[in-house]
Amino acid sequence: MPDPAISIRGLKKTFVGHLSIGRIHALRGVDLEVPSTGIYGFLGPNGAGKTTTLKIVTGLLFPSEGEVRIMGRPAGDNLVRMNLGFLPESPYFYDYLTGEELVTFFGSLFGIPGKELKDRTRLLLDMVGLRGKEKLPLRKYSKGMLQRVGLAQAMVNDPQILILDEPMSGLDPIGRREIRDLILGLKEKGKTIFFSSHILADAEMICDEVAIIVKGKVVQKGRLEELLGKDVRFWDLSFKGPADAEGLPSRHVITSHEGYTMIRLDSEEAVEQAVSELPKRGARIISLVPHKASLEELFLSSIEEREND
Ligand SMILES: Nc1ncnc2c1ncn2[C@@H]1O[C@H](COP(=O)(O)OP(=O)(O)O)[C@@H](O)[C@H]1O
Ligand SMILES: [Mg+2]
């Protein structure tokens with residue numbers, strides 16, 4: 001097994017708030033490992049501790065306790081810095097700069113020489129779909145364009161690891177898809193992506209692995225397909241015709257409208273029985289839809305467990 005890209009152990013962070021608030025335990029012992037390939041989703045509700053964790057990983061904040069190692073080295077280490085790209089949560093940056101100037105500015109912080117930096121900036125702005133907009137000041141960018149220029153900025157040092165804080169938040173469905181596609185493209189290039197999100201549908205579509213954090217503690221983590229399970233949890237069967245559920249394996253009628261009925265079945269045997277029985281009564285089967293657990297269900301049940309303890 002290669003070294004994990006990021007390893008976080010026993011991470012705690014306590015903020016000293018105002019006297020009236022007291023101490024805020026933002027992280028209460030976070031453990032997770034981001035493997036060197038793939039997309040890792042760091043999911044949780046607002047205030048769970050996602051941004052705090054990402055800031056510690058990027059070396060912007062010191063932990064109160066615990067350890068972060070990136071490619072086997074401590075966070076904030078110079079070699080680590082060269083291999084890390086970061087998209088902050090609200091990348092409003094300096095809005096009088098143009099997109100081109102912003103990327104060039106960050107590139108110059110890494111000491112990339114002028115000509116090379118110019119070419120790279122153009123390449124990156126093309127990649128994120130901002131060709132033709134590079135001379136526009138950022139204050140004229142839409143939220144989606146800001147996220148995309150933020151991604152270009154995070155990529156300017158051609159880092160192996162990309163850390164993205166809520167890359168899809170505040171975007172419309174098209175903007176979200178564009179960012180998802182960009183993230184998938186980065187994965188194809190062999191990059192490690194560690195991103196936070198409270199938008200579960202987006203995470204479900206692209207993540208290989210996820211951790212769910214609630215109130216400063218990771219409550220679930222693992223490969224997405226293992227967490228969600230490959231098993232079907234129930235089936236919804238729709239049919240047209242007599243809606244008498246008598247003798248059927250499920251009397252759980254979900255809807256019945258204008259001769260169409262939908263029933264919910266909870267085992268393969270029940271499905272078989274219904275599928276053979278219904279036509280005998282003159283019903284015509286319209287559809288049979290299997291349902292697996294969704295990330296949202298997993299997420300909500302994790303939060304409930306946590307709130308109850
Ligand atoms: N600089 C700070 N000072 C005091 N409290 C903070 C600070 N930054 C974050 N917090 C608190 O820490 C908790 C976690 O915040 P954050 O990491 O931003 O969560 P998330 O990104 O998951 O929404 C919240 O309760 C937040 O109010
Ligand atoms: Mg946050």
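No lab work stands behind these numbers, since they all come straight from the coordinates. Bear in mind that the values here come from a model prediction, so they are computed numbers and not experimental data. Ideal geometry is used to build each Cβ from the backbone, glycine not excepted, and the neighbour counts take in all protein chains shown.
Structural remarks
- Tilt relative to the chain, helix 143-154 - C-alpha long axis, 0 to 90 degrees, to 10: 60 degrees
- A simple rule links phi to the HN-Hα coupling: the Karplus curve 6.51 cos²θ - 1.76 cosθ + 1.60 with θ = phi - 60°, which for the stretch 185-190 gives x, 5, 4, 4, 7, x Hz, with x for Gly and Pro.
- Nearest-0.05 FRET efficiency for R264 and S90, computed from C-beta distance (R0 51 Å): 0.75
- Averaging the Cα positions of each part gives two centres, and for the stretch 67-129 and the stretch 181-240 these lie 27 Å apart.
- Hydrodynamic radius of the chain per Kirkwood, over alpha carbon pairs, in Å: 22.1 Å
- Protection-proxy order for peptides 151-161, 273-283, each taking the mean of Cβ atoms within 10 Å per residue, highest first: 151-161, 273-283
- For L164, distant residues with modelled amide H under 5 Å away: L87, F194, F195, S196
- Here the Gaussian network model covers the chain, with springs between Cα atoms less than 10 Å apart; of I174, I21, I183, I21 fluctuates the most.
- Calculated mean residue ellipticity at 222 nm for the chain: -10000 deg cm²/dmol, from DSSP H runs with n ≥ 4 weighted as -39500 (n - 2.57), summed, divided by the residue count and rounded to 500.
- Between D266, D95, D126, the GNM of the chain built on Cα springs shorter than 10 angstrom shows D266 fluctuating the most.
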